[in-house]
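Q: My structure is below; once you've seen it, I'll send some questions.
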């Protein structure tokens with residue numbers, strides 16, 4: 001009796017078969033009915049060009065061969081990237097590639113979008129932001145958003161109302177990101193990010209502020225809006241940490257300005273100038289407390 005047992009071992013799939021026939025092909029029912037989308041490449045031949053991969057049924061239900069990168073040239077192992085599927089969005093997928101003993105290759109595709117998605121808003125998380133930025137080494141535009149006085153909403157109306165505010169903003173970001181060639185992310189708490197292959201103009205964000213207040217008001221929620229900061233690469237540094245730091249500096253200045261506080265004397269070094277010693281003295285000095293046991297009644 002021929003043994004048909006298959007096991008995963010050391011990143012490859014081995015098949016125990018006394019006749020040594022190929023592991024699987026487009027005519028093999030095991031490959032055809034694998035539960036995950038899969039591709040099979042025949043062993044290369046020096047005399048013939050590389051044939052196109054053979055997809056299984058699960059692959060044909062989820063993806064199209066024309067939209068895939070050249071997986072065959074990739075190294076064995078797992079690779080996480082966005083793949084264009086049958087829907088409008090491009091979910092994050094993990095592709096497992098291995099070379100079989102007969103030099104043919106097998107690729108399995110697993111949709112791992114849920115692992116990179118915020119459960120409350122449905123937006124992508126910081127993990128997927130890192131992956132997307134690494135996949136776009138060229139020009140990018142980044143916007144960091146923070147809901148104004150979000151803690152006051154939670155304290156006054158409860159966390160359910162706070163969650164509703166976050167979901168409202170997330171839906172607006174998702175809808176407008178599609179129009180701006182961008183993608184929206186939730187970093188955590190009340191902080192969100194827009195990442196685009198184009199420069200994000202302040203006029204777009206100001207319009208979004210108005211939409212956010214109106215949408216929240218229609219749901220019976222009163223919010224002041226959100227503050228934002230912009231950055232981009234290669235105008236600024238390419239790393240995500242530096243992009244967020246640049247955007248956060250702008251965001252904090254805007255928050256203070258929206259509260260009616262002038263920020264130029266407080267953070268002059270952010271404009272490329274060292275703070276003047278007199279400015280530092282003014283910022284760091286305050287009246288000394290009165291002697292113990294004596295109340296200051298000068299102002300009544």
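The values are calculated or read from the model by the stated rules, or taken from the named source; none is laboratory data. If you're wondering where the values come from, they're calculated on a predicted model, not measured in any experiment. Cβ atoms come from the backbone with ideal geometry, glycine included; neighbour counts cover every protein chain shown.
Q: Just checking, does the range 221-237 include any residue being assigned to a helix (DSSP H, G or I), over 19 Å from residue 181 (Cα atoms) and at pLDDT 85 or above?
A: Among the residues of the range 221-237, not one is assigned to a helix (DSSP H, G or I), over 19 Å from residue 181 (Cα atoms) and at pLDDT 85 or above, which makes the answer no.
Q: Where residues in the range 161-175 are in contact with a helix residue (DSSP H, G or I) (Cβ under 7 Å, 6 or more places away or on another chain) and within 12 Å of residue 215 (Cβ to Cβ), which of them is surrounded by the fewest Cβ atoms within 10 Å (Cβ to Cβ)?
A: Restricting to residues being in contact with a helix residue (DSSP H, G or I) (Cβ under 7 Å, 6 or more places away or on another chain) and within 12 Å of residue 215 (Cβ to Cβ), the top hit is 172.
Okay, residues lined up against (1) under 19 Å from residue 121 (Cα atoms); (2) in contact (Cβ under 8 Å) with a residue 24 or more places away in the chain:
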{"position": "166", "(1), (2)": "yes, yes"}
{"position": "173", "(1), (2)": "yes, yes"}
{"position": "181", "(1), (2)": "no, no"}
{"position": "184", "(1), (2)": "yes, yes"}
{"position": "191", "(1), (2)": "yes, yes"}
{"position": "196", "(1), (2)": "no, yes"}
{"position": "199", "(1), (2)": "no, yes"}
{"position": "203", "(1), (2)": "no, no"}
{"position": "210", "(1), (2)": "no, no"}
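Q: Considering only the range 32-52, state which residues are within 31 Å of the chain's Cα centre (by Cα) and either in a helix (DSSP H, G or I) or in contact (Cβ under 8 Å) with a residue 24 or more places away in the chain (or both). It would help to see each step written out before you state the result.
A: Start the filter on the range 32-52 by keeping residues that are within 31 Å of the chain's Cα centre (by Cα), which leaves 34-40.
Answer for the range 32-52, where residues must be within 31 Å of the chain's Cα centre (by Cα) and either in a helix (DSSP H, G or I) or in contact (Cβ under 8 Å) with a residue 24 or more places away in the chain (or both): 34, 36, 37, 38, 39, 40.
Q: Identify, please: which residue in the range 53-69 is under 16 Å from residue 96 (Cα atoms) and assigned to a helix (DSSP H, G or I) and is, among those, nearest to the chain's Cα centre (by Cα)?
A: Out of the qualifying residues, it is 59.
Q: Go through the range 219-247 and report how many residues are surrounded by fewer than 17 Cβ atoms within 10 Å (Cβ to Cβ) and over 20 Å from residue 154 (Cβ atoms).
A: 9
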